[in-house]
There are 2 protein chains.
Amino acid sequence: MKTLLLSKTDVQNAVSMDDVIAAVEEAYKAYQQGQVEQPPIQGMEIPEHNAESDVKSCYNHANHMFSIKTVGLFKDNIKGPGKFAAADGGKLPNMMGNVILGDGETGGTLAIMDASLITGIRTGAAGAISSKYMARKDARVAAVFGAGAQARMQIYALAKVRDLTEVRFYDKFGTPELMAAYKADVERETGAKAVECASVEEAAKGADILICPTPSREAYLKKEWVKPGTHIVEVGVDGAGKQEMDPAIFAMASKVVCDSIAQCLSRGETRNAIAAGCLKEEDIYGEIGELVLGTKVGRENDEEITIFDTTGMGIQDNTTAEAIYKVALEKGMGSWFEFI
Amino acid sequence: MKTLLLSKTDVQNAVSMDDVIAAVEEAYKAYQQGQVEQPPIQGMEIPEHNAESDVKSCYNHANHMFSIKTVGLFKDNIKGPGKFAAADGGKLPNMMGNVILGDGETGGTLAIMDASLITGIRTGAAGAISSKYMARKDARVAAVFGAGAQARMQIYALAKVRDLTEVRFYDKFGTPELMAAYKADVERETGAKAVECASVEEAAKGADILICPTPSREAYLKKEWVKPGTHIVEVGVDGAGKQEMDPAIFAMASKVVCDSIAQCLSRGETRNAIAAGCLKEEDIYGEIGELVLGTKVGRENDEEITIFDTTGMGIQDNTTAEAIYKVALEKGMGSWFEFI
């Protein structure tokens, strides 16, 4: 049987952010309805190369497909030309991996695709879905901490669900070139004005939506800077030792929503908040799939402070890869290889 | 960068059983020397299609490569033509999957290969390695329970380390055609005489090496049929509920060796023996890597009954895939695809 192979460029051309938002909503619904078999994440540390790699797998009873995504963070790739060049002759990105999409009936490998972009897009979509249900309808000003790939994806996705007028950004490690590139990209993609800030405080104060997408190991977002009515997207913390938010913000929030409560309790910012005594497990409001299905309401008034904590789930890759595969098939994209 | 794609046929042509035995010995050494990062196996059940799928991953500090193997058992594939045909136009095998081999320095995907054959070969090699260190030097008669793919691989590999004269086989589900095919295959590959038996007892009694490679859920090998000096390869039990051996045989054995003690305690026949009170954890003799490294001795006399319990480790796939990749590169096999 033939397997469809899709490059990063194919993936980019196959789906729009709107398609991925729809796919991730399907993912959250399937998860909530008990349609998803999702074993614990496999993590591998590669300290001698300043890298780490994760494997997220799942079987989705809703589409009868299984997916295995291996994605690693290889931080040294951005430093130099390295031993391999990207297809365009440039450096490899620091996020590297593949998704295998398989047919649950025969075990046949339907498609293998580059995963460097999928993870970024589906994570951006996750943040936007939370804002769709939890941010104020009139939210106009977003602040994002970081100016890298995920800080772009979060804003590109958010602009699909809210009419942004201003995007404030701050990056501790941002060079003038990187900051200028971020500003230009965001303004081109969203039409909002992008404003470089000199500190987390300057970016955060007065913003309607706060996005934390960094691999930080200390809480940089202070509770003093969070006004009533704010929605916070917590996406960077995905393992022990990582932290972005002052845990006291959880005590101020009326609704804390997780993608998977179990996973956020073991790997997310929720874990830090509970450890600090600022949140009790029974006070977590629910899972995002409940908001998507409508079995729980999202924001109820303009004063609530709301938090969405996401550590990422295999099912997001599953439905996103399915959407990419179907469009690629329809449009005749990619190459074919017969493994068996 | 370019990724090498290898079909089942490429895999078959790239390496011999001797190569794989050498690769799996390297795997056991690396594991024993603490060179291997191997997260727990991910398992997915697909009951609506009578299937199950596992993901075994590891990073090997010895070769600086990571591997992710997804392999599932799709039992219905052998029943009919199914919705996909194999490359030769025939039915898909019931074991289906791929191995991704990655570069630990850059995260680049070096190769993706069919895994249906790799799992069988490296598991056959594992059994043979145990016999190399644990079976009597003059062992001539092997008995294998089953006449399927793994019952072949175990014997093909065993014939590389012992001078077999007779291979007895019994398969509860064997049709005359399947039994005749097994006999012909084994005689052609090994030169030993293959003898179809009418029962487990007939096959087992008096044999020097006993091989249990079935997915049985009840103990079919009785202690009365195991003579002094026997080596037993226990390869079929890889999860709760499965059982092949009368646990009392463990009480008769002077040496019980595991591939990974931790994994066999949670998924192997060792688990059943301990649950039945026939073995204590502290009485497990060691891990196979200790015998390969020579830090523990194997068989010490012709009277010992020895047991090797293997549930299979990601590191076996890692070093086997590395060997295949290197030969394929050298010989110019396979196709290339640029994912990124």
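Quick note: the coordinates plus some simple rules give every number you see, no bench work behind them. Note that this is a predicted model, so its numbers are computed, not measured. No Cβ is skipped: glycine too gets one built from the backbone with ideal geometry, and neighbour counts run over all protein chains shown.
Below, the figures for the structure above:
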{"read-out": "Relative contact order %, chain A, counting alpha carbon pairs below 8 Å whose residues are six or more apart", "value": "22 percent"}
{"read-out": "Under 5 Å, built H, 5+ apart or other chain: amide partners of A:Thr3", "value": "A:Phe337, A:Glu338, A:Phe339"}
{"read-out": "Separation in nanometres of the label points that stand 7 Å from Cα toward Cβ, at B:Phe173 and A:Asp185", "value": "5.2 nm"}
{"read-out": "Proximal lysines to A:Lys83, defined as alpha-carbon separation beneath 26 angstrom and excluding residues fewer than eight positions away on the same chain", "value": "A:Lys8, A:Lys69, A:Lys75, A:Lys91, B:Lys2, B:Lys69, B:Lys326, B:Lys331"}
{"read-out": "For B:Glu201, B:Glu105, A:Glu45, order by how many other beta-carbon atoms lie within 10 Å, fewest first", "value": "A:Glu45, B:Glu201, B:Glu105"}
{"read-out": "For region A:57-147, average projected area of the Cα convex hull in nm²", "value": "8.9 nm²"}
{"read-out": "Share antiparallel - DSSP beta bridges, the protein assembly as shown, percent rounded to 5", "value": "50 percent"}
{"read-out": "On Cα atoms only, tilt of A:149-161 relative to the major axis of chain A in degrees", "value": "80 degrees"}
{"read-out": "Integer Hz, Karplus 6.51/-1.76/1.60 couplings in order for region B:115-131, x for Gly and Pro", "value": "10, 5, 8, 4, 4, x, 5, 5, 6, x, 4, 4, x, 5, 4, 5, 5"}
{"read-out": "Descending Cα extents along the principal axes, region A:16-107, whole Å", "value": "45, 30, 26"}
{"read-out": "For region A:237-250, Karplus couplings with θ = phi - 60° (6.51, -1.76, 1.60), whole Hz, Gly/Pro x", "value": "7, 9, x, 4, x, 8, 7, 10, 9, 3, x, 4, 5, 5"}
{"read-out": "Neighbourhood charge, 10 Å Cβ-Cβ cut-off, centred on A:Met245 and excluding it, Lys, Arg +1 and Asp, Glu -1", "value": "-3"}
{"read-out": "Enclosed volume per residue, in Å³, of the convex hull spanned by Cα atoms of region B:126-312", "value": "97 Å³"}
{"read-out": "Residue order, fewest to most beta carbons within 10 Å, for B:Val161, B:Val235", "value": "B:Val161, B:Val235"}
{"read-out": "Set of aspartates and glutamates near A:Lys79 by C-alpha distance (under 20 Å), chain-local residues within fewer than 8 positions excluded", "value": "A:Glu45, A:Glu48, A:Glu52, A:Asp88, A:Asp171, A:Glu177, B:Asp103, B:Glu105"}
{"read-out": "Kirkwood hydrodynamic radius of chain B, from inverse mean 1/r over distinct Cα pairs, in Å", "value": "20.3 Å"}
{"read-out": "Charge tally in the Cβ shell below 10 Å around A:Tyr28, where Lys, Arg are +1 and Asp, Glu are -1, A:Tyr28 excluded", "value": "-4"}
{"read-out": "Gyration tensor verdict on region A:276-340 (Cα atoms; rounded if a/c is under 1.5, prolate if a/b is larger than b/c, oblate otherwise)", "value": "prolate"}
{"read-out": "Kirkwood Rh, Cα atoms: Rg over Rh of the protein assembly as shown", "value": "1.03"}
{"read-out": "Relative contact order for region B:126-312, counting Cα pairs under 8 Å that sit 6 or more residues apart, in percent", "value": "23 percent"}
{"read-out": "For q = 0.11, 0.21 Å⁻¹, Debye-computed log10 I/I(0) when each Cα of region B:190-283 counts as one equal scatterer", "value": "-0.31, -1.07"}
{"read-out": "Rg/Rg_ref, region B:100-175, where Rg_ref = 2.2 N^0.38 Å and atoms are Cα", "value": "1.44"}
{"read-out": "Coil-residue chymotrypsin sites (Phe, Trp or Tyr not before Pro) of region B:107-197, DSSP, other Cβ within 10 Å capped at 11", "value": "B:Phe173"}
{"read-out": "Cysteines, chain B, no other Cys beta-carbon under 4.7 Å", "value": "B:Cys58, B:Cys197, B:Cys212, B:Cys278"}
{"read-out": "The protein assembly as shown, helix-only ellipticity at 222 nm - DSSP H runs n ≥ 4, -39,500 (n - 2.57), divided by all residues, nearest 500", "value": "-10500 deg cm²/dmol"}
{"read-out": "Per-residue Cβ neighbour rank within 10 angstrom, fewest leading, A:Trp336, A:Trp225", "value": "A:Trp336, A:Trp225"}
